[in-house]
Amino acid sequence: MGYPGLLQDASNPTPISTLFIIRQVLTPTAVGANTTVEQTFTVPGLQVGDSLDINKASHQTGLSIGNVRVSAANTLAIQYVNTTAGSITPTSEQYIIGGQR
């Protein structure tokens, strides 16, 4: 299904072909003190080139998400940022993954 009038960006006149929302429980591992790390998760249906937005349901002081991308087919890569002096393990919880292709 196309979405006439919705363009991917100003330099690409091709309309967005698909919008999607995926809800999936992710279980990240620890993020070391004062560092960033990219962790990958299997998420069926993702395609390289998808543009993503992600929602982590809970807040954890000192932890943020720096970037999200599809690193390979069916593979979600999340960059976690830890700005504290101690290790943080992101909460295992349902994430909402919104995207377009």
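Points to keep in mind about this one:
- Single residue of GLN8, GLN79 found to be at pLDDT 95 or above and polar (S, T, N, Q): GLN79
- Top-ranked residue of the stretch 11-40 - restricted to ones that are of a type in the set (Ser, Thr, Tyr) and more than 30 Å from VAL81 (Cα to Cα), ranked as modelled with the highest pLDDT: SER17
- Close pairs (8 angstrom Cβ cut-off, 6 or more residues apart or separate chains): within 30 Å of THR61 (Cβ to Cβ) in the stretch 13-31, of a type in the set (Ser, Thr, Tyr) and not in a loop (DSSP other than H, G, I, E, B) anywhere: ARG23/TYR95; GLN24/TYR95; VAL25/TYR95; LEU26/TYR95; PRO28/TYR80; VAL31/TYR80
- Taking each residue of the stretch 55-72 that is closer than 20 Å to ALA85 by Cβ and looking for partners that are exposed (fewer than 13 other Cβ atoms within 10 Å of the Cβ) and modelled with pLDDT of 95 or more with beta-carbon atoms closer than 9 Å, six or more apart or interchain, yields GLY62/ALA85; GLY62/GLY86.
The values are calculated or read from the model by the stated rules, or taken from the named source; none is laboratory data. Quick caveat, the model's predicted, so the values are computed rather than measured. Counting neighbours? That spans all protein chains shown, and the Cβs are built from the backbone with ideal geometry, glycine included.
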